[in-house]
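A short write-up of the structure that comes next.
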Amino acid sequence: MQVTPTGLPGVLILEPKIIADERGFFMESFNQRAFEAATGQNVTFLQDNHSCSQRGVLRGLHYQVRQPQGKLVRVLAGRIFDVAVDLRRSAATFGKWVGMELDAGSMRMLWVPPGFAHGFLVLSDAADILYKTTDYYAPQHERTLRWDDPQLAIGWPLAGEPILSDKDRRGASLADAETYA
């Protein structure tokens, strides 16, 4: 597995080893030992989530103030613009974001550790996203950061207005959001 750091400490791009030939391909989508060796982090994944969305759907930016979740994100079909925002007040990168395209063809994954908000925009006709989480979903602790907060100035590659849930429309600005120490 190849690991590429991003502009935010701890947020990593993971590229699995892919064995391909005329029959197709094989890859280990997750291997605990390889993940620990590549990232230097010993985490336990407790839940897998599968999301399917159409073009223009923007989900996020989500996080949990208690039971924060680390997320290992990969696209099974389609293409997304994936974003992580640092919500750790003690970090020099507090309020900064990174975004990158993930797609089924490259099989790259994004590791978003606890302490970050996460969201994505679907760029293809549809996209299936699978993400492993390090803690269980706890709706009472879930918060939403405003996707279009001018303070964040995320460069979403939008063509028009995104398709949002009511929850995502009501997200808090960074100035008003509950964050981490």
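Rule-based calculations on the coordinates, nothing more; no lab input. All values reported here derive from a predicted model rather than from experimental measurement. In this analysis, Cβ positions are derived from the backbone assuming ideal geometry, glycine residues included, and neighbour counts consider all displayed protein chains.
Which FRET efficiency, nearest 0.05, do Asp48 and Ala175 yield, Cβ-Cβ r, R0 30 Å?
Computed FRET efficiency for Asp48 and Ala175 comes out at 0.35.
If the elastic network links every pair of Cα atoms under 10 Å, which of Ile163, Ile129, Ile80 fluctuates the most in the Gaussian network model of the chain?
Ile163
Within 10 Å of each candidate Cβ there may be at most 13 other Cβ atoms; applying that plus a DSSP loop requirement, which GluC sites (Glu not before Pro) in the range 27-120 survive?
Glu28
Just tell me which lysines come within less than 21 Å, Cα to Cα, of Lys17; anything on the same chain fewer than 8 places away is out.
Of all the lysines, those that pass the test against Lys17 - Cα under 21 Å, at least 8 places apart if same chain - are Lys71, Lys132.
What translational D, rounded to a whole number of µm²/s, comes out for the range 113-181 from Stokes-Einstein when the hydrodynamic radius is the Kirkwood one over Cα pairs, at 20 °C and 1.002 mPa s?
152 µm²/s
To make sure I understand, if each residue's beta carbon is the centre and we count other beta carbons within 10 Å, what order do Asp166, Asp82 fall in, fewest to most?
The most exposed by this proxy come first: Asp166, Asp82.
So which trypsin sites (Lys or Arg not before Pro) in the range 1-102 end up in coil per DSSP with only 16 or fewer other C-beta atoms within 10 Å?
Sparse-neighbourhood loop trypsin sites (Lys or Arg not before Pro): Lys17, Arg23, Arg55, Arg66, Arg89, Lys96.
For the chain, set up a Gaussian network in which alpha carbons nearer than 10 Å are linked by springs, and say which option among Phe116, Phe26, Phe81 fluctuates the most.
Result for the chain, Cα springs under 10 Å: Phe26 fluctuates most.
Test of understanding: extend the Cα→C-beta vector of Trp156 to 7 Å, then name every residue of the range 80-105 with backbone N under 12 Å from that spot.
Residues 81-83 fall inside that zone.
Can you show me the helix-derived [θ] at 222 nm for the chain, built from DSSP H runs with n ≥ 4 at -39,500 (n - 2.57) apiece and divided by the number of residues, rounded to the nearest 500.
After summing the helix terms and dividing by the residues of the chain, the value is -1500 deg cm²/dmol.
Stick to Cα atoms and the Kirkwood definition of Rh, then tell me Rg/Rh for the range 16-161.
Looking at the range 16-161, the ratio lands at 0.97.
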